[in-house]
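Only one structure is covered here, and it is reproduced in the block below.
Just so it is clear, none of the values below were taken in a lab; they were calculated from the coordinates. These figures come from a predicted structure and were not determined experimentally. Counting neighbours? That spans all protein chains shown, and the Cβs are built from the backbone with ideal geometry, glycine included.
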Amino acid sequence: MSSIFFTPGPSQLYPNYTKHLQTALDNQLGSINHRSESFREIYKHTDKELRKLMNIPDSHAIFFAGSATEILERMILNLVEKETFHLVNGSFSAKFFQFAQQLQKSPNAYKVQEGQGFDISNIQIPNSCELICTTQNETSTGVQIPIKDLVELKQRYPSSLLCTDLVSTAPYADIDYNLMDSAFFSVQKAFGMPPGLGVWIVNQSCIEKSNTLHKKGFNQGAHHTLASFVKNYEVFETPSTPNVVAIYILGKIAEDMNQIGIEQIRQTLKLKANMIYDFVDHHHEISPFVIQSEHRSDTVAVINTQNPAKEILNALKERGLMIGGGYGSLKDHQIRIANFPATSVSEMSHLLETLGSIL
Ligand SMILES: *Cc1c(COP(=O)(O)O)cnc(C)c1O
């Protein structure tokens, strides 16, 4: 029996994934040269469809790396001389902070308890912080940063670079890239693809900062430096041999999503998110982990359970429904439900009915 995955990544594959993979194989894309015109056309197409879907302006370039975690490191190596500032409220934002420590920068953090959002007006960021690191959707705790808060950060601190982790929300989050210097995601979450591709969006300010650090002689690593991405991007190539098949399929899925329209996709996701949180409100055995509704993630719902989470996960699994377990200290009594475009409204209602019957 095949299952439906409501796991927060890797997750359910997008309905057309198999068709696009078959086309890629029929066209022998696993074997084509990555410095050929065929590859450049694929890169150009994926670039074009992502720009349309996510409203990415020409001021920003789009690069392909191995994973989002790789991009965390590249971001710090390429854009930071000394100081970063991190908004930390879960495992992924904490990892970004740790990477800055491990790379021997001087990271500052504003931490809140897991499950809480940020009161942006309370956060003071020293002007010496070169890069402000945010996680728009903290997958471990199901907390999102409202877009208007990201806008406020950039307006208050225009001289620092601002970046955001969109891994478990792209293309849902409606980012204003005029106020976002860099963003990144990987494809095994809301794009419904197998893991193995990271996407890095950067503007000219990031590229200039990286050039300045290079001139000052800073060690920016060797592989996938921002300069090498920029140079190759001029001809729609990549520094090393990339995941050509995944880049192709990402472009096709973005094209499929563009045909539906991003507004429609957002509406459907919002509808499904409301279904989840309404369901939680109506069952006294469970409660939302994130108390304030404006901080509740639309794409990853984290739910406290009275019964051990393992029992719930196993009972659902026997019925062909896979959801995520909790993270960190509360993991024995938490479940996570991903709300990505690959699952339909009727599949979501099937999940919630089944969950209701086993609680
Ligand atoms: C999954 C996830 C990552 C890590 O992505 P990889 O592709 O495994 O590197 C980073 N940040 C967030 C918010 C995530 O959900």
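Ranking of Leu179, Leu13 by neighbouring Cβ atoms within 10 Å, starting from the fewest: Leu179, Leu13.
If I stretch the segment between Asn307 and Glu70 completely, what's the gain in nm (0.36 nm per residue apart, minus their alpha carbon distance), one decimal? Please report the intermediate quantities before stating the final value.
On the way: separation 237, 0.36 × 237 = 85.32 nm, distance 3.67 nm.
Taking Asn307 through Glu70 to full extension adds about 81.6 nm, to one decimal.
Would you compute the Debye intensity of the stretch 290-359 from its alpha-carbon atoms alone, equal scatterers and no solvent, and pass along log10 I(q)/I(0) at q = 0.19, 0.20, 0.22, 0.24 Å⁻¹ to two decimals? Treating every Cα as an identical point scatterer, log10 I(q)/I(0) equals -0.79, -0.88, -1.04, -1.20. Estimated from the Cβ-Cβ distance and a Förster radius of 35 angstrom, the FRET efficiency linking Lys44 and Ile358 is about 0.15. Across 5 Å bins from 0, what is the distribution of all Cα-Cα pair distances for the stretch 53-149, in whole percents? In whole percents, the pair-distance histogram is 2, 12, 22, 22, 21, 15, 5, 0. Taking a ≥ b ≥ c as the square roots of the Cα gyration tensor eigenvalues, with a/c under 1.5 meaning rounded and otherwise prolate when a/b beats b/c, else oblate, which class fits the stretch 142-200? The shape class here is prolate.
Distances over 16 Å make up what percent of all Cα-Cα pairs in the stretch 195-276? Could the numbers behind the result be given before it?
Details: 2244 of 3321 pairs.
Result for the distance tail: 68 percent.
In terms of overall dimensions, the stretch 103-158 has a Cα radius of gyration and Dmax of 11.9, 32 angstrom.
Expressed as a whole percent, how much of the Cα-Cα distance distribution for the chain exceeds 25 Å? Working shown, then result.
On the way: 34211 of 64261 pairs.
Roughly 53 percent, rounded to a whole number.
Count neighbours as other Cβ atoms within 10 Å of each site's Cβ, and list the trypsin sites (Lys or Arg not before Pro) in the stretch 216-311 that are DSSP loop with at most 10 such neighbours. Passing both the DSSP loop test and the Cβ count: Lys216.
Viscosity 0.890 mPa s, temperature 25 °C: give me the Stokes-Einstein translational D for the stretch 229-358 in µm²/s, with Rh taken as the Kirkwood radius over C-alpha pairs. Display every interim value, and only then the final one.
Details: Rh = 17.0 Å.
Stokes-Einstein gives a translational diffusion coefficient of 144 µm²/s.
If you split all Cα-Cα distances of the stretch 1-94 into 10 Å bins from zero, what percentages do you get per bin, shortest first? In whole percents, the pair-distance histogram is 11, 26, 38, 20, 5, 0. Once both labels are positioned 7 Å from their Cα atoms along Cα-to-Cβ, the gap between Ala315 and Ser106 label points is 5.4 nm. Bridgeable aspartates and glutamates around Lys310 (alpha carbons under 17 Å apart, same-chain partners fewer than 8 residues away excluded): Glu285, Glu318, Asp332. All Cα-Cα separations within the stretch 142-283 were binned at 10 Å from zero, giving a P(r) of 9, 31, 35, 19, 5, 1, each value a whole percent of the pairs.
So how do Ser11, Ser3 line up by other beta-carbon neighbours within 10 Å, fewest first? Could you put the intermediate results ahead of the total?
On the way: Ser11 27, Ser3 13.
Arranged by neighbour count, lowest to highest, Ser11, Ser3 become Ser3, Ser11.
Any of Lys154/Lys216; Lys189/Lys252; Lys82/Lys148; Lys189/Lys272; Lys252/Lys317 with alpha carbons more than 19 Å apart? Name them for me. Walk me through the numbers before you get to the answer.
Details: Lys154/Lys216 26 Å; Lys189/Lys252 16 Å; Lys82/Lys148 28 Å; Lys189/Lys272 16 Å; Lys252/Lys317 31 Å.
Where the Cα-Cα span goes over 19 Å, the pairs concerned are Lys154/Lys216; Lys82/Lys148; Lys252/Lys317.
Write out the chymotrypsin sites (Phe, Trp or Tyr not before Pro) in the stretch 274-317 meeting two conditions: DSSP loop, and at most 16 other Cβ atoms within 10 Å of their Cβ. Intermediate values should be presented prior to the final figure.
On the way: sites: Tyr277, Phe279, Phe289; in loops: Phe289.
Passing sites in the stretch 274-317 do not exist.
Give me the net charge of Glu311's neighbourhood, meaning all other residues with Cβ under 14 Å from the Cβ of Glu311; Lys, Arg count +1, Asp, Glu -1. Mind showing how you got there, number by number?
Values: positive: Lys310, Lys317, Arg319, Lys331; negative: Glu285, Glu318, Asp332.
Value of the local net charge: +1.
What is the local net charge at Ser106, summed over the other residues whose Cβ is closer than 9 Å to its Cβ (Lys, Arg +1; Asp, Glu -1)?
Overall, the nearby charge balance is +1.
A helix-only calculation puts the chain at -12500 deg cm²/dmol for mean residue ellipticity at 222 nm, using -39500 (n - 2.57) for each DSSP H run of at least four residues, averaged over all residues.
In the stretch 66-218, what is the volume of the convex hull around the alpha carbon atoms, normalised per residue and reported in Å³?
Details: hull volume 15.6 nm³, N = 153.
Enclosed volume per residue, from the Cα hull, is 102 Å³.
With a 10 Å Cβ neighbour count serving as the proxy for reagent exposure, in which order, fewest first, do Glu114, Glu130 appear? The partial results should precede the final answer.
Details: Glu114 22, Glu130 19.
Fewest to most other Cβ atoms nearby, the residues stand as Glu130, Glu114.
Compute the separation of the alpha-carbon centres of the stretch 27-62 and the stretch 73-113 and state it in Å as a whole number. Using only Cα atoms, the two centres lie 30 Å from each other.
Taking Lys and Arg as +1 and Asp and Glu as -1, the other residues whose beta-carbon sits under 10 Å from that of Phe289 total +1.
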